[in-house]
Amino acid sequence: MADYPQTVVELRDWFATETACRDYLVRLRWPDGVRCPGCTATEIWTMKSPFYRCAHCGYDFTVTAGTLFADTHKPLRLWFEAIWHVTNQKSGASALGVQRVLGLGSYRTAWNWLHKLRCAMVRPGRDRLAGVVEVDETFIGGPEPGKRGRGAAGKSLVLITAQADGRKIGRIRLARIADASAASLEAAIRQAVESGTCIQTDGWSGYSRLKTLGYEHEVIRPATELGENLLPRVNRVASLLKRWLLGTHQGAVHPDHLDYYLDEFAFRFNRRTSRSRGLLFYRLMQQAVASEPVPGKTLVGGRRLKRTPANSG
Ligand SMILES: [Zn+2]
(Lines give C-alpha, C1' and ligand atoms only; values in the text may rest on other atoms or scores of the structure.)
Protein backbone atom coordinates (compact mmCIF):
# COMPACT_ATOMS: atom_id res chain seq x y z
CA MET A 1 0.00 0.00 0.00
CA ALA A 2 1.22 3.46 -0.90
CA ASP A 3 2.46 5.49 2.02
CA TYR A 4 0.87 8.75 1.01
CA PRO A 5 -2.63 10.21 0.94
CA GLN A 6 -4.45 10.16 -2.40
CA THR A 7 -6.93 12.94 -1.79
CA VAL A 8 -7.21 16.06 0.32
CA VAL A 9 -9.76 14.25 2.52
CA GLU A 10 -7.26 11.49 3.17
CA LEU A 11 -4.57 14.08 3.80
CA ARG A 12 -6.60 15.68 6.60
CA ASP A 13 -7.59 12.26 7.89
CA TRP A 14 -4.04 10.98 8.05
CA PHE A 15 -2.55 14.14 9.48
CA ALA A 16 -5.16 15.32 11.94
CA THR A 17 -2.66 15.80 14.77
CA GLU A 18 0.91 16.99 15.20
CA THR A 19 1.83 13.54 16.48
CA ALA A 20 0.54 11.93 13.28
CA CYS A 21 2.62 14.39 11.26
CA ARG A 22 5.73 13.64 13.29
CA ASP A 23 5.22 9.88 13.03
CA TYR A 24 5.02 10.22 9.26
CA LEU A 25 8.24 12.26 9.15
CA VAL A 26 9.95 9.62 11.31
CA ARG A 27 8.98 6.91 8.80
CA LEU A 28 10.24 8.98 5.88
CA ARG A 29 13.45 10.16 7.51
CA TRP A 30 14.46 6.94 9.24
CA PRO A 31 12.82 4.03 7.42
CA ASP A 32 15.23 1.64 9.19
CA GLY A 33 14.78 3.13 12.66
CA VAL A 34 15.71 6.38 14.36
CA ARG A 35 19.32 7.41 13.83
CA CYS A 36 21.32 10.16 15.56
CA PRO A 37 21.82 13.12 13.18
CA GLY A 38 25.04 13.90 15.03
CA CYS A 39 26.93 10.59 15.07
CA THR A 40 24.55 8.27 13.11
CA ALA A 41 24.31 5.85 16.05
CA THR A 42 21.12 3.78 16.21
CA GLU A 43 20.86 3.33 19.98
CA ILE A 44 18.34 6.04 20.70
CA TRP A 45 16.25 6.78 23.77
CA THR A 46 12.78 8.16 23.31
CA MET A 47 12.42 11.11 25.67
CA LYS A 48 9.46 13.34 26.43
CA SER A 49 7.78 13.90 23.04
CA PRO A 50 9.01 15.05 20.56
CA PHE A 51 12.59 14.50 21.77
CA TYR A 52 15.06 11.71 21.24
CA ARG A 53 18.43 11.30 22.92
CA CYS A 54 21.40 9.54 21.39
CA ALA A 55 22.68 6.85 23.78
CA HIS A 56 26.07 7.07 22.13
CA CYS A 57 26.86 10.83 22.07
CA GLY A 58 24.09 12.25 24.25
CA TYR A 59 22.71 14.49 21.52
CA ASP A 60 19.08 15.57 21.97
CA PHE A 61 17.11 15.96 18.78
CA THR A 62 13.68 15.83 17.15
CA VAL A 63 12.58 14.44 13.79
CA THR A 64 12.53 17.93 12.31
CA ALA A 65 16.07 18.80 13.43
CA GLY A 66 18.26 19.46 10.42
CA THR A 67 15.36 19.41 7.98
CA LEU A 68 13.28 21.99 6.19
CA PHE A 69 10.87 21.94 9.16
CA ALA A 70 13.51 22.86 11.73
CA ASP A 71 12.73 25.89 13.88
CA THR A 72 9.26 26.32 12.43
CA HIS A 73 6.81 28.03 14.73
CA LYS A 74 3.80 26.89 12.74
CA PRO A 75 2.04 23.53 13.13
CA LEU A 76 3.35 20.73 10.93
CA ARG A 77 -0.25 20.20 9.78
CA LEU A 78 -0.08 23.57 8.09
CA TRP A 79 3.18 22.64 6.41
CA PHE A 80 1.65 19.39 5.16
CA GLU A 81 -1.27 21.36 3.74
CA ALA A 82 1.20 23.72 2.05
CA ILE A 83 3.09 20.83 0.47
CA TRP A 84 -0.16 19.25 -0.66
CA HIS A 85 -1.23 22.54 -2.21
CA VAL A 86 2.11 23.12 -3.93
CA THR A 87 2.28 19.63 -5.39
CA ASN A 88 -1.36 19.63 -6.50
CA GLN A 89 -1.27 22.85 -8.46
CA LYS A 90 -0.48 21.52 -11.88
CA SER A 91 1.37 24.65 -12.93
CA GLY A 92 2.80 25.55 -9.56
CA ALA A 93 1.72 27.64 -6.63
CA SER A 94 2.16 31.36 -6.11
CA ALA A 95 2.88 32.96 -2.74
CA LEU A 96 -0.50 34.66 -2.88
CA GLY A 97 -2.24 31.33 -3.48
CA VAL A 98 -0.43 29.71 -0.55
CA GLN A 99 -1.28 32.62 1.70
CA ARG A 100 -4.96 32.42 0.76
CA VAL A 101 -5.34 28.64 0.99
CA LEU A 102 -3.57 28.35 4.35
CA GLY A 103 -4.96 31.55 5.78
CA LEU A 104 -1.48 32.79 6.61
CA GLY A 105 -1.38 36.26 8.09
CA SER A 106 1.46 37.54 5.99
CA TYR A 107 2.44 37.32 2.37
CA ARG A 108 6.06 37.28 3.49
CA THR A 109 5.53 34.01 5.41
CA ALA A 110 3.88 32.41 2.39
CA TRP A 111 6.76 33.57 0.21
CA ASN A 112 9.32 32.15 2.64
CA TRP A 113 7.53 28.80 2.78
CA LEU A 114 7.46 28.54 -0.99
CA HIS A 115 11.11 29.46 -1.04
CA LYS A 116 11.97 26.68 1.39
CA LEU A 117 9.95 24.17 -0.60
CA ARG A 118 11.73 25.16 -3.80
CA CYS A 119 15.04 24.55 -2.04
CA ALA A 120 13.78 21.06 -1.12
CA MET A 121 12.97 20.40 -4.76
CA VAL A 122 16.68 20.22 -5.49
CA ARG A 123 17.23 16.57 -4.75
CA PRO A 124 20.37 15.88 -2.75
CA GLY A 125 22.74 13.58 -4.60
CA ARG A 126 20.80 13.74 -7.85
CA ASP A 127 22.27 11.99 -10.84
CA ARG A 128 23.29 13.65 -14.06
CA LEU A 129 21.71 13.28 -17.48
CA ALA A 130 23.09 10.67 -19.86
CA GLY A 131 22.37 8.99 -23.19
CA VAL A 132 21.57 11.60 -25.83
CA VAL A 133 21.19 15.12 -24.45
CA GLU A 134 20.24 18.33 -26.24
CA VAL A 135 21.84 21.50 -24.91
CA ASP A 136 21.02 25.14 -25.65
CA GLU A 137 20.77 28.48 -23.88
CA THR A 138 17.83 30.81 -23.72
CA PHE A 139 17.25 34.31 -22.40
CA ILE A 140 14.64 34.80 -19.70
CA GLY A 141 13.10 38.18 -19.01
CA GLY A 142 12.74 39.81 -22.38
CA PRO A 143 13.21 39.38 -26.11
CA GLU A 144 16.40 37.73 -27.19
CA PRO A 145 19.05 40.36 -27.79
CA GLY A 146 20.41 38.45 -30.76
CA LYS A 147 24.03 38.48 -29.69
CA ARG A 148 25.46 35.56 -27.88
CA GLY A 149 28.39 35.46 -25.56
CA ARG A 150 27.38 38.46 -23.52
CA GLY A 151 24.65 39.25 -21.04
CA ALA A 152 21.97 41.87 -21.43
CA ALA A 153 20.47 44.22 -18.87
CA GLY A 154 17.49 42.76 -17.02
CA LYS A 155 17.83 39.41 -18.75
CA SER A 156 19.13 36.14 -17.44
CA LEU A 157 20.73 33.44 -19.50
CA VAL A 158 19.63 29.89 -18.72
CA LEU A 159 21.28 26.71 -19.92
CA ILE A 160 18.75 24.00 -20.77
CA THR A 161 19.76 20.36 -20.96
CA ALA A 162 17.16 17.84 -22.06
CA GLN A 163 17.62 14.11 -22.25
CA ALA A 164 16.11 12.28 -25.21
CA ASP A 165 13.60 9.55 -24.38
CA GLY A 166 12.85 8.11 -27.80
CA ARG A 167 11.19 11.00 -29.59
CA LYS A 168 10.03 12.43 -26.30
CA ILE A 169 11.73 14.55 -23.64
CA GLY A 170 13.21 12.67 -20.70
CA ARG A 171 14.58 14.47 -17.70
CA ILE A 172 15.81 18.05 -17.82
CA ARG A 173 18.21 20.28 -15.91
CA LEU A 174 18.19 24.07 -15.88
CA ALA A 175 20.99 26.37 -14.74
CA ARG A 176 21.43 30.10 -14.80
CA ILE A 177 24.76 31.01 -16.39
CA ALA A 178 26.67 34.29 -16.49
CA ASP A 179 27.17 34.32 -20.25
CA ALA A 180 27.44 32.02 -23.26
CA SER A 181 31.22 31.75 -23.11
CA ALA A 182 32.80 28.32 -23.37
CA ALA A 183 33.91 28.50 -19.72
CA SER A 184 30.38 29.21 -18.43
CA LEU A 185 28.73 26.65 -20.68
CA GLU A 186 31.24 23.92 -19.89
CA ALA A 187 30.96 24.40 -16.12
CA ALA A 188 27.16 24.14 -16.26
CA ILE A 189 27.24 21.15 -18.61
CA ARG A 190 29.62 19.25 -16.35
CA GLN A 191 27.21 19.79 -13.43
CA ALA A 192 24.26 18.50 -15.42
CA VAL A 193 25.52 15.86 -17.84
CA GLU A 194 27.43 12.62 -17.32
CA SER A 195 30.71 12.37 -19.22
CA GLY A 196 30.61 10.10 -22.26
CA THR A 197 27.13 11.40 -23.10
CA CYS A 198 26.27 12.34 -26.68
CA ILE A 199 25.55 16.07 -26.55
CA GLN A 200 23.70 17.79 -29.39
CA THR A 201 24.09 21.54 -29.81
CA ASP A 202 23.94 24.10 -32.56
CA GLY A 203 27.14 25.46 -34.10
CA TRP A 204 27.89 28.07 -31.41
CA SER A 205 31.65 28.30 -30.74
CA GLY A 206 31.11 28.08 -26.97
CA TYR A 207 30.37 24.36 -27.42
CA SER A 208 33.40 23.58 -29.57
CA ARG A 209 35.55 22.04 -26.82
CA LEU A 210 33.03 19.50 -25.52
CA LYS A 211 34.95 16.58 -27.03
CA THR A 212 38.04 17.49 -25.02
CA LEU A 213 35.87 17.26 -21.88
CA GLY A 214 35.00 13.65 -22.55
CA TYR A 215 31.66 14.09 -24.30
CA GLU A 216 30.56 12.97 -27.70
CA HIS A 217 29.50 16.09 -29.52
CA GLU A 218 27.10 16.33 -32.42
CA VAL A 219 26.57 19.72 -34.02
CA ILE A 220 23.11 20.03 -35.51
CA ARG A 221 23.34 22.38 -38.47
CA PRO A 222 20.40 23.97 -40.25
CA ALA A 223 19.78 22.22 -43.55
CA THR A 224 17.74 25.12 -44.86
CA GLU A 225 17.40 28.81 -44.16
CA LEU A 226 13.85 28.34 -42.96
CA GLY A 227 13.19 27.95 -39.25
CA GLU A 228 13.61 24.26 -38.73
CA ASN A 229 13.25 22.86 -35.25
CA LEU A 230 16.82 21.67 -34.88
CA LEU A 231 16.86 20.94 -31.16
CA PRO A 232 13.16 20.26 -30.59
CA ARG A 233 13.42 19.16 -26.96
CA VAL A 234 15.31 22.15 -25.58
CA ASN A 235 13.18 24.49 -27.68
CA ARG A 236 10.03 22.95 -26.24
CA VAL A 237 11.36 23.20 -22.67
CA ALA A 238 12.34 26.84 -23.25
CA SER A 239 8.87 27.78 -24.45
CA LEU A 240 7.14 25.88 -21.61
CA LEU A 241 9.43 27.53 -19.05
CA LYS A 242 8.71 31.01 -20.42
CA ARG A 243 4.99 30.36 -20.55
CA TRP A 244 5.06 29.10 -16.93
CA LEU A 245 6.96 32.14 -15.70
CA LEU A 246 4.54 34.46 -17.50
CA GLY A 247 1.44 32.53 -16.47
CA THR A 248 1.84 31.30 -12.92
CA HIS A 249 4.16 34.09 -11.88
CA GLN A 250 2.98 36.89 -14.20
CA GLY A 251 6.56 37.33 -15.39
CA ALA A 252 7.31 38.97 -12.04
CA VAL A 253 10.32 36.82 -11.18
CA HIS A 254 13.25 38.90 -10.01
CA PRO A 255 16.54 37.76 -11.62
CA ASP A 256 17.97 37.14 -8.11
CA HIS A 257 15.24 34.57 -7.46
CA LEU A 258 15.26 32.90 -10.83
CA ASP A 259 17.36 29.95 -9.62
CA TYR A 260 14.61 28.80 -7.29
CA TYR A 261 11.95 29.02 -9.95
CA LEU A 262 14.18 27.00 -12.27
CA ASP A 263 14.43 24.33 -9.57
CA GLU A 264 10.67 24.24 -9.16
CA PHE A 265 10.08 24.03 -12.89
CA ALA A 266 12.59 21.17 -13.27
CA PHE A 267 11.09 19.31 -10.29
CA ARG A 268 7.61 19.51 -11.80
CA PHE A 269 8.74 18.80 -15.33
CA ASN A 270 10.77 15.73 -14.35
CA ARG A 271 7.74 14.33 -12.54
CA ARG A 272 5.07 15.46 -14.98
CA THR A 273 4.09 11.92 -15.84
CA SER A 274 3.59 10.85 -12.20
CA ARG A 275 0.10 9.42 -12.27
CA SER A 276 -0.57 10.23 -8.67
CA ARG A 277 -0.44 13.71 -7.18
CA GLY A 278 -0.02 11.97 -3.85
CA LEU A 279 3.25 10.54 -5.11
CA LEU A 280 4.50 14.05 -5.84
CA PHE A 281 3.55 15.03 -2.29
CA TYR A 282 5.46 12.01 -1.00
CA ARG A 283 8.60 12.83 -3.04
CA LEU A 284 8.66 16.42 -1.84
CA MET A 285 8.13 15.25 1.76
CA GLN A 286 11.05 12.85 1.38
CA GLN A 287 13.24 15.64 0.07
CA ALA A 288 12.07 18.01 2.80
CA VAL A 289 13.27 15.68 5.56
CA ALA A 290 16.47 14.93 3.65
CA SER A 291 17.42 18.54 2.99
CA GLU A 292 19.38 20.98 5.02
CA PRO A 293 17.34 23.62 6.84
CA VAL A 294 17.22 27.03 5.21
CA PRO A 295 17.65 29.46 8.11
CA GLY A 296 16.08 32.86 7.64
CA LYS A 297 19.33 34.64 8.29
CA THR A 298 20.94 33.28 5.14
CA LEU A 299 18.19 34.87 3.09
CA VAL A 300 19.20 38.21 1.68
CA GLY A 301 16.30 39.91 0.01
CA GLY A 302 14.72 36.50 -0.15
CA ARG A 303 17.84 35.04 -1.68
CA ARG A 304 19.97 32.35 -0.17
CA LEU A 305 23.66 33.14 -0.39
CA LYS A 306 25.00 29.75 -1.31
CA ARG A 307 23.43 27.13 -3.44
CA THR A 308 24.29 24.43 -5.91
CA PRO A 309 23.53 25.46 -9.46
CA ALA A 310 21.54 22.51 -10.66
CA ASN A 311 18.11 21.03 -10.36
CA SER A 312 16.14 18.20 -9.10
CA GLY A 313 15.31 15.12 -10.97
ZN1 LIG B 1 24.80 10.53 18.53
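The values are calculated or read from the model by the stated rules, or taken from the named source; none is laboratory data. Because the structure is a prediction, the values reported are computed rather than measured. Every residue, glycine as well, gets a Cβ built from its backbone with ideal geometry; the counts of neighbours run over all protein chains shown. SASA here: full protein model, heavy atoms, side chains in, ligands and nucleic acids out. Shrake-Rupley method; radii C 1.70, N 1.55, O 1.52, S 1.80 Å.
Assorted remarks:
- Number of residues in the stretch 51-63 that are surrounded by 14 or more Cβ atoms within 10 Å (Cβ to Cβ) and more than 8 Å from the ligand (Cβ to nearest atom): the value is 5.
- Candidate set: the stretch 75-94, residues that are hydroxyl-bearing (Ser, Thr, Tyr) and not in a helix (DSSP H, G or I); chosen: the one modelled with the highest pLDDT: Ser94
- Count - residues of the stretch 47-74 that are within 17 Å of Glu18 (Cα to Cα) and either of a type outside the set (D, E, K, R) or at pLDDT 95 or above (or both): 16
- Evaluation of Gly66 against (1) within 26 Å of the chain's Cα centre (by Cα); (2) within 16 Å of the ligand (Cβ to nearest atom); (3) free of Cβ contacts under 8 Å to residues at least 12 places away in the same chain (one fails), failing number: (3)
- Some residue of the stretch 42-50 being in a loop (DSSP other than H, G, I, E, B), in contact with a strand residue (DSSP E or B) (Cβ under 7 Å, 6 or more places away or on another chain) and either within 16 Å of the ligand (Cβ to nearest atom) or in contact (Cβ under 8 Å) with a residue 40 or more places away in the chain (or both): yes
- Within the stretch 1-41, the set of residues being assigned to a loop (DSSP other than H, G, I, E, B), away from the ligand (no atom under 16 Å from the Cβ), open to solvent by less than 90 Å² (accessible area, probe 1.4 Å) and of a type in the set (A, V, I, L, M, F, W, C) comprises Ala2, Phe15, Ala16.
- Residue in the stretch 96-108 that is touching a residue at least 60 places away in the same chain (Cβ under 8 Å) and either buried (at least 21 other Cβ atoms within 10 Å of the Cβ) or out of contact with any strand residue (DSSP E or B) (no Cβ under 8 Å at 6 or more places or on another chain) (or both) present: no
- Picking from residues in the stretch 169-204 that are open to solvent by 50 Å² or more (accessible area, probe 1.4 Å) and without any contact (Cβ under 8 Å) to a residue 40 or more places away in the chain, the one that is farthest from Ile140 (Cα to Cα) is Ser195.
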